[in-house]
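The values are calculated or read from the model by the stated rules, or taken from the named source; none is laboratory data. Note that the coordinates shown come from a computational prediction; the quantities given were computed from them, not determined experimentally. Virtual Cβ from ideal backbone geometry, glycine too; neighbours counted across all protein chains shown. Keep in mind that these areas ignore ligands, DNA and RNA; they rest on the heavy atoms of the full protein, side chains included. Shrake-Rupley method; radii C 1.70, N 1.55, O 1.52, S 1.80 Å.
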Amino acid sequence: MKEKDPIERLISMREAMVLVEYGAMDHPERVFYDIMRGWRERGITPLIVDIWDTLHVFLQNLRFSGVELRIDDVPVIKEKGMVAEGRVLGRVDVIEDFEHHLAIYGRIAKNVPKKSRNHTVVLGMEKFSFTFLDDPPKLERYFETITRRYLSTEDKVSVMFLNTTVASEYLMKGLEADSDCVLRVSDGEIRLLKCPEVAEDEV
């Protein structure tokens with residue numbers, strides 16, 4: 001059986017937490033495009049969590065390279081930021097008080113269409129850590145709550161994009177440990193650093 005490439009392996013999964021790492025000079029938007037296209041071909045419309053307008057940056061970089069990704073019908077939850085892309089269901093502007101943040105997020109999440117609840121893409125994970133740089137335990141509690149409550153991998157695939165150039169070492173190592181799969185984008189190549197085998201019935 002021919003070995004799948006990392007993106008084919010990812011989009012064939014039914015249950016996983018996936019971390020996509022990239023540097024400031026890399027182009028993770030192409031991976032984002034391939035994931036979205038692959039899921040669309042399978043009839044999947046995911047939820048996108050857009051932190052500080054990272055979605056807009058990804059879409060603009062795709063346009064600059066001559067690629068247009070239509071997401072008008074894709075549900076989006078905005079975390080901070082100003083530019084609305086996709087079908088925005090609501091926005092969360094409170095990050096510092098994470099209990100308040102989670103309460104607002106929870107109310108918005110109730111409006112996510114049923115068809116989009118099992119596949120989530122989170123863009124801009126590193127931008128959360130800026131708020132908690134001086135309090136790593138608080139950051140740890142925040143992400144534990146997020147992953148347990150909203151990014152549960154039970155019958156669900158969650159893909160988180162992380163800019164490792166600006167992310168704290170604490171955040172990166174924590175997410176790597178919690179993720180089932182870790183992909184790294186570097187110099188136009190995608191490397192699979194960690195991932196369980198995909199069963200043939202998941203293809």
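Residues Asp97, Asp72, Asp93: which one is open to solvent by 50 Å² or more (accessible area, probe 1.4 Å), touching a Gly at 6+ places or on another chain (Cβ under 8 Å) and acidic (Asp, Glu)?
Asp72 is the lone residue from the list that is open to solvent by 50 Å² or more (accessible area, probe 1.4 Å), touching a Gly at 6+ places or on another chain (Cβ under 8 Å) and acidic (Asp, Glu).
In segment 12-39, which residue that is aromatic (Phe, Trp, Tyr) and either within 19 Å of Leu69 (Cα to Cα) or modelled with pLDDT under 95 (or both) is surrounded by the most Cβ atoms within 10 Å (Cβ to Cβ)?
Phe32
Given segment 135-203, what strands (runs of 3 or more DSSP E) lie entirely inside it while holding 1 or more residues that are modelled with pLDDT of 70 or more and within 15 Å of Thr120 (Cα to Cα)?
157-163, 181-186
Of all residues in segment 64-104, count the ones that are of a type in the set (A, V, I, L, M) and part of a helix (DSSP H, G or I).
The number of residues fulfilling the criteria is 3.
Could you say whether any residue in segment 103-111 is touching a strand residue (DSSP E or B) at 6+ places or on another chain (Cβ under 7 Å), on the phi > 0 side of the Ramachandran plot and at pLDDT 80 or above?
No, that holds for no residue.
Just one of the numbered conditions (1) on the phi < 0 side of the Ramachandran plot; (2) open to solvent by 70 Å² or more (accessible area, probe 1.4 Å) is not true of Thr54; which one?
Just one mismatch for Thr54, condition (2).
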